[in-house]
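The structure under discussion appears below in the form of structure tokens.
The values are calculated or read from the model by the stated rules, or taken from the named source; none is laboratory data. Everything numeric in this text was worked out from a predicted model, so none of it was measured. For neighbour counting, all protein chains shown are included, and Cβ atoms are generated from backbone atoms with ideal geometry for every residue, glycine included.
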Amino acid sequence: MPFLSFLTWLGLVAVAWLFRVSYIGWLGPWLLAIVIVVPLGILLLSLPSMLRLGITLRAPSVVVRGQESTYAVEFTNPALFPVHAVTLHLELRNRFTGDIHKESYIFRNVESSRSELPLSTALCGTVSIRLVSFDMKDLMGMFTLRRRLRSKCECSVLPSAVGPDEPPDFEAALSSSDVLKPKYGGGYAEDHDLRNYRPGDPPNSIHWKLSSKTDDLIVREALVPENSTVYVVLERVGTDDRGLELLRWLSQALLAMDEKHTLVADRLYEIESDEELSRALSSVLSAPMREPCGFDMKSVRCIFTVSAGEVRVQ
């Protein structure tokens, strides 16, 4: 019960008591009784609704930066009477940028319902929305009860795909010659090498026709590219999330060419579809930006580095 509401009621009781003392007649006692009993009686009628009110926050899992979006507040009131007024105190935290701001909203005559509130998508990041507390007024609006309830939701604001002014030469970047290595476990491969038989080689790898022309057994060894991985390294975001926009554009461009690749950020993310790209971006945006992790240089076919507003190729 906030202090000011309690003082207001005490003030009314004091005025009624003074009237009772100064006025001789039947009205004084009745007025004092009404001032004391009626607000308390209405408070008792309001308490079931105030104590049983449930609040749930819901938000879309993913939105695109700049897109209009909302999050929902769902009220559950199983009691007979509505809650006269509910004031929500919310905290919105961008876990990528660290920005925090607070919002308050007032709802009147609250029953079981759903309301939409605006969600800012000006910056990329995972926005965590938390209900800090809420105040409820009784049916007369005289008394206020403050409650705390654990309710939280999150929404990932992803960048849109915006390419650079001068796109990189993908054909030249991806045309590096393969360095072949034996395929683990053997089996079929488009490339292969011939060598002498070693104990443990499977019989089906023996090249019988060639072996019949020599004194030794010859096997066909399957080879696969050793430098087959395309890395996309997020080095720096820059202003206005420009690096994130380039990152999404670059990854989608590689997927359009059927080029699976590995995103290097706080950890390694294997990207084989647009859904995996969205999940990877959501994960990256769920914590402050960090230095990109290390990766195996021996497996490198090509490295695209996104640094603020440019894309470098090596």
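Say we look at the stretch 1-22 and pick out the residues that are surrounded by fewer than 14 Cβ atoms within 10 Å (Cβ to Cβ) and more than 59 Å from the chain's Cα centre (by Cα); which of these is modelled with the lowest pLDDT?
Among those residues, the one meeting the criterion is V21.
Go over the candidates L131, L174 one by one and state the one that is closer than 30 Å to S282 by Cα and at pLDDT 90 or above.
The match here is L131.
Please work out if G25 is within 30 Å of V162 (Cβ to Cβ) and either at pLDDT 70 or above or part of a loop (DSSP other than H, G, I, E, B) (or both).
no
Six or more apart or on different chains, Cβ atoms under 7 Å: show the pairs whose first residue is in the stretch 64-93 and in contact (Cβ under 8 Å) with a residue 60 or more places away in the chain and whose second is β-branched (V, I, T) and crowded, with 17+ Cβ neighbours inside 10 Å.
R65/T121; R65/V157; G66/T121; S69/V63; S69/T121; Y71/I129
Any chance you could count how many residues in the stretch 231-253 are over 15 Å from A308 (Cβ atoms) and surrounded by fewer than 20 Cβ atoms within 10 Å (Cβ to Cβ)?
The qualifying residues number 2.
Counting only residues that are in contact with a helix residue (DSSP H, G or I) (Cβ under 9 Å, 6 or more places away or on another chain) and farther than 18 Å from R52 by Cα, how many does the stretch 106-124 have?
2
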